[in-house]
Structure formats: C-alpha cells, structure tokens
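Engineer: Got a structure here, written out as structure tokens. Questions coming.
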Amino acid sequence: WNLTRYSAWTRTDAFVTFSKTNAQSQLMAMPLALAMSVNGLFIAGLVFVPGLWGIVEYLFPVALAAFILIAVLAFRLYGHFIARIKVEGGFNFAANNSFGQILPAFAFAMIGVGMAAPAAMSGNIAVVGTSIVVSTFLMVTAIAIAGIALVLGIRSMLDHGTTAETAPTLMILIPLMTILGILMMRQTHGLGVQFEGHATDAQTFMFLAKMVSIQVLFGLFGLLILNRHSYGKRFIWGRETSVMSYALVCPGVGFTVLMQFFIHKGMVAVGLVDKFSAVYWVLVGIALASQVAMIALVFTLNRRHFGAPRVQGAVSAA
C-alpha cells in the first residue's frame, strides 16, 4: 500500500517541490523500512516455521539477493539527492539544524546488518565471505554518511540553534550504534568460525563498552536539548502534537538491545558481573525499564495522534 501511494505521489507537483529540499534525503526511509521488513520476516520465519532451519543454507543466498536489491534502491535514491545538491546546489544549511541527514546512514546500516546475518549463521565459507565483504561496504558507507552529517548538523545548530519539532533526531545515533554493533559482531563471529579470526571476550567487552558510551553520550545530549525545548510538556503530555515524536521510540529500543549485548556478551563473558547476581539484575532492569518506557510512549503517542480530537492543530515536521 505504501509503495503504491509513493508511486502515485512521485507524479505530483508536490513531489517535484519536495525533491528540491533537504527533505529529499528522507526518502531513504523507504529502503530502511524494506530492510527492516526483510530482517523481521527472516527472524519470524526461523522462529515460527517448523523445519525452516533445516534448509536455511538455501535461504541465505536468497536473503543476500533481497538485501542487494534494497541496497541498489537505496543508492539510487541517495545518489539522486547527492547529485542534485552537488550539481545544482541549494542545500539549506539553516534548515539542517538537526541530525535528520543521518537517516540515510541508518538505512544503509540496516541493510548492512541484514547482509551480515549469513556471516553469523551460515556454514558455507563462500556465503560467509560474501556476507562479510558486502556488509562491510554498507557499514563503511553508513559511517561515512553519519560522520559528515553529524559535523554539518552540529555546524548548523551552532549558527541557527535547534527547533523543538526536529529535536528527537538528535538521538538517532543511539539506534545507529546498535545496528552497527550487531553488524560487526555478526562479522566477528563469521571471521572466527570460517577464517580463524577469533575475537577474545575482552575485545568484545571493550568494543561494546565504546558503543554503549556513544549511546549514553548522545542520549544525554538529546535529553538536554529536549528538556530546554520543554518537549515532553508540549508534545507528549501537552496539547501540541508532532509526528517526529515517534522518533523518540527508536533510541530507547536501540539502547535496550545493545545493553543486553553489553551485559551478556561483555560484562558477564569477562567475569566482571556474575550472571543472576544482584548487579546483573540491576543492569538488566535498566535495559527493561527503557523498553517498557518505549512501549508506554508508543501507546501514549497513538492515543494522542489517533484517539481523541486534538485541541490544537498538529505541528508538522520540519
């Protein structure tokens, strides 16, 4: 349904106007959603379809092909955006006072983590090698885009400040670190099994500690800006609404997921924390609290956006 509506929209004057703004890069939400769908369907199939694991080696090439097609779509969409601003110019730095331009990096990372799945689960050396190489290319692409967008976004914020409506994008690096972290751990597993490139528990612990540290840093940064804009009072519990409020859900979920990796594959694995000890349950409780908070946030936002009539007009995303 969404793809049909998108196809119809591309034939309108509104799309032509949209394609001449910074927001053109947000079309990358389409390959992002497609990659998430393939990842979800693959996991659901392995969990709920009896006997599917027995033929999984035949499915890995199919999954890789699907992700390659999504990657081609992603590069086409982002390529059109980059080509336009490099040839015609017109990038609006005043409107770039957020981390919204990191969304394309998130899309490439999501495709990459799907590409890396066979590296962690396949027993075929050719499939594992292909998975590692292609997912590495997408990982490097994501990191390059995120790094450039981060610098440009901060530069625009220093000049023009931030807006309340786009402030939730300031925490997009949290789920990005989760996706990149899982991608690299999948690659590491494949390297160890097929190419004798084993990583020690201490190395995994340090890697996860760095990734979680980045999440906490940008989480604090985002919460600081949201608080200065009184975002919660206005858009979550107040009378204003903004579709960008849903962007707050992903960081909380991303933190929960990577924290579980950090606890079990990091602190427990190196013996820093005993499994099922008091400290262990405190750490797990922090991760679960974040997850529960995000579930509550989704219900709250759904009620505000789709429930009772709004008292005031909705605030559109910038």
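Bear in mind that the values in this text are calculations on the coordinates, not laboratory data. Everything quoted here is computed from the prediction, not taken from an experiment. Ideal geometry is used to build each Cβ from the backbone, glycine not excepted, and the neighbour counts take in all protein chains shown.
Engineer: Cut-off under 20 Å on the C-alpha distance; same-chain residues fewer than 8 positions from LYS275 excluded. Which aspartates and glutamates are left, in chain and number order?
Structural biologist: Candidates past the 8-residue exclusion: ASP201.
Engineer: What is the range 205-318's relative contact order, in percent, from Cα pairs under 8 angstrom and six or more apart in sequence?
Structural biologist: Relative contact order, the range 205-318: 39 percent.
Engineer: Which residue, ALA293, ALA23, ALA209, has the most motion in a Gaussian network model of the chain that connects Cα atoms within less than 10 Å?
Structural biologist: Judging by the Gaussian network model, the answer is ALA293.
Engineer: Over the range 1-123, what is the relative contact order in percent, taking alpha-carbon pairs closer than 8 angstrom and at least six residues apart?
Structural biologist: 45
Engineer: Highest mean first, how do 185-191, 228-234 rank when packing is the count of other Cβ atoms within 10 Å averaged over residues?
Structural biologist: Per-residue Cβ counts within 10 Å, averaged per peptide and sorted highest first, yield 185-191, 228-234.
Engineer: Based on the mean of other beta carbon atoms within 10 Å per residue, what is the order of 44-57, 210-223, 131-144, most packed first?
Structural biologist: Sorting 44-57, 210-223, 131-144 by mean packing, highest first, produces 131-144, 210-223, 44-57.
Engineer: Straight-line reach from LYS233: which aspartates and glutamates have Cα under 19 Å away, leaving out those fewer than 8 places along the same chain?
Structural biologist: Qualifying aspartates and glutamates at Cα under 19 Å: GLU165.
Engineer: Taking the structure as given and computing Cα extents along the principal axes in Å, which label from (i) 79, 39, 38; (ii) 56, 48, 40; (iii) 81, 51, 35 fits?
Structural biologist: (ii)
Engineer: Relative to the longest principal axis of the C-alpha atoms of the chain, give the angle of the C-alpha long axis of helix 125-160, reported between 0 and 90° and rounded to the nearest 10°.
Structural biologist: 30
Engineer: While we're on this one: Of ASN227, ASN97, ASN22, which is the most mobile in a GNM of the chain whose springs link Cα atoms less than 10 angstrom apart?
Structural biologist: ASN227
Engineer: Let me ask another. What net charge is computed for the residues neighbouring PHE42, neighbours being all others with C-beta under 14 Å from the C-beta of PHE42, Lys and Arg scored +1, Asp and Glu -1?
Structural biologist: 0
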